[in-house]
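Everything below concerns the one structure shown next.
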Amino acid sequence: MYASTVRNLLVRGMLAGLIAGLLAFAVAYAVGEPPVDASIAVEEAQAAQEAGAHAGHGAAAPGGAEEEEEAVSRPVQSTVGLATGVLVYGVALGGIAALAFSFALGRAGRFGPRATAALTAAAAFTTVYLVPFLKYPATPPAVGNPDTIGRRTTLFFLMILLSVLLGVAAIIAGRRLAPRLGNWNATLTAAAGFVLATGLAFVFLPPNSDAVKPGFPAAVLWEFRLASVAVQLVLWTVFGSVFGALAQRLLTPRPSTPHPTPLPA
C-alpha cells in the first residue's frame, strides 16, 4: 500500500512539475530572453572591437578569420531549446520533490498534504536555488571567462550539495529539539543554525571572481539575475500549489456514501 501511494505521488509530482515548467518557460521567455539577447549583443560588439584592433595592427583576429557557425540557431535556442530544458528540469525536480514530500508527510509536524507540499516547495526553492544563488549568482551566457567554466560549475553544484545537506540537518535538529524547546523555539534555533552554517560556507568557499568580464553592463546583468529568480519562484510556487491540490485529493479519504434505506411496503 505504501509503495503504491509513493508511486502515485511520484506521478503527480512529475505532472505538477510539468505544469510548473510550462509557466516557468513563459516567464523565462518573456523576461529572461531579452537580457540574454542583450548580453550576446555586448559580446559581439566587444569581439568586433577586438577584431578591429587586431586588424589595425596588421594581426589576425583571435580564433581565425571566419566565425564558427552555431550548431543550434539562436531562435531555436530561445524557443524549443529553452522549453525543453525548463520542462525536463521541472519534471525531474517535481519527481524528486514528490519523494521528499512522501518522506516529510507526518514527520515534519502536524501538517496536511497541502501545507506539507507548500513547505517542501519552499524548502526546495531555498536550498536548491536561493542559497547557492546568493553565493554564486547566475550570469548570462558568454559573460565569464570560458577557461574557468568547469571550476565555476563545480563550485555551484558544491554549494547546492552543502545547502541541501545543511537544510536536512536543520530539519533533523529542529525535530530533536522540539520536545525540550517547543516547536516554535526549536524551529527558530534550527533556522539560526542553518543561517550560521550557510554563512560559514559562504566565507570559506572561494568566490567567482572571474564570472563576469570587466566592463559588462550592470543593468543587463541584474536584469538577467532578477529574471532567473522570477523563473525559479514561479516554478516552485506553481509546483507547491498544483502538487498540494493533487496530493490532497489522493490522500484525503472520501466519505462513504450511505446506502438509501428502502421504504416500507
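The values are calculated or read from the model by the stated rules, or taken from the named source; none is laboratory data. Worth saying up front: this structure is predicted, and the values here are computed from it rather than measured. Here Cβ is always computed from backbone atoms with ideal geometry, including for glycine, and neighbour counts include all displayed protein chains. Only protein heavy atoms, including side chains, enter the accessible area calculation; ligands, DNA and RNA are left aside. Shrake-Rupley method; radii C 1.70, N 1.55, O 1.52, S 1.80 Å.
Here the calculated FRET efficiency for Leu188 and Thr84, from their Cβ-Cβ distance with R0 = 41 Å, stands at 0.45, rounded to the nearest 0.05.
Here the accessible area is traced with a 1.4 Å probe on the protein chains. For the range 83-236, carbon and sulfur cover 74 percent of it.
Roughly speaking, what % of Cα-Cα pairs in the range 94-188 are separated by over 20 Å, rounded to a whole number? Result: 48 percent of Cα pairs exceed 20 Å.
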